Amino acid sequence: MLKIFKKELANYFSGYMAYIVASAFVLICTLFLWFFDNEFNIFNIGTATLSSFFFIAPWILLFLIPALTMRTIAEEESSGTLQWLFTQPIKICGIVWGKYLPVVVVLLFALIPTLLFVYTLQQFIVDADQLDFGAIFSGYLGLFLLGSSFAAIGLFTSSLTKNQVAAYVSAIFLCFVLFYAFESLASYNLLGGADYYVQKIGMYQHYQQMLKGIIDTRDLIYFIVIIALFLVLTNYNLERKK
């Protein structure tokens, strides 16, 4: 697993993909939060909060994370190197984790520069005010878990097809469904009391809870289960291809 992890990580950074994704993420967030005249602009909001960042960031990651994961397995299969990997003395789960963890590292690499938003916001507020660092920490934790879930979903779709574009589009669709579609469906109040449970199936409600500064073990377990589920499904797909 370690060799695959190092190889994949080197590919992301030597091929500049990690820098492109991180730069795109930070740039888009910066433009929306500080420069564009819109409802997300911190100056327009008038309060010392990063709520706009935590609202915008998932939608950006929903498109960027699948761009990282689309080639992870699909490229290996289309080039024929996947079968070569199967012949190596490494378990299938080692291949899955070796492919997954580098994406998580790139996610962290993209999130770290946004801590400058916290510092910048701190400089603008008056001495009597203070940032809610507890809510900021739980918000970043929620964003990291959400991005890690997107990575697991993207890895799964990459294991379904040889076509990287198909893997990318499928990942975006699945991420959208799990992140927002269930929340949107529940908002129509079509299912009566079942709407509550439909809402809980999606990631949005669990992510929103963490943005309130509430780190509930149920929300943590939810994201861990989502990640584990899609990694297990990826493992199953690779076992079938072996």
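Since every read-out is calculated from the coordinates, none of them should be taken as a lab result. Keep in mind that what you see is a predicted model, and the values were worked out from it rather than measured. For neighbour counting, all protein chains shown are included, and Cβ atoms are generated from backbone atoms with ideal geometry for every residue, glycine included.
Brief remarks on what is shown
- Cross-link pairs Lys99/Lys212; Lys200/Lys241; Lys162/Lys241; Lys7/Lys242; Lys99/Lys241 - those with Cα-Cα distance over 23 Å: Lys99/Lys212; Lys200/Lys241
- Net charge, Thr72 excluded, C-beta distance under 12 Å - Lys, Arg +1, Asp, Glu -1: -1
- Principal-axis analysis of the Cα atoms of the chain puts helix 51-69 at an angle of about 10° to the longest axis.
- Its Cα gyration tensor gives the range 73-220 an equivalent ellipsoid; the semi-axes, largest first and in whole Å, are 34, 24, 13.
- Counted by Cβ distance under 12 Å from Gln208, the other residues give a net charge of -1, where Lys and Arg count +1 and Asp and Glu count -1.
- Residue (of Leu211, Leu185, Asn11) at the positive-pole extreme of the chain, dipole from beta-carbon charges: Asn11
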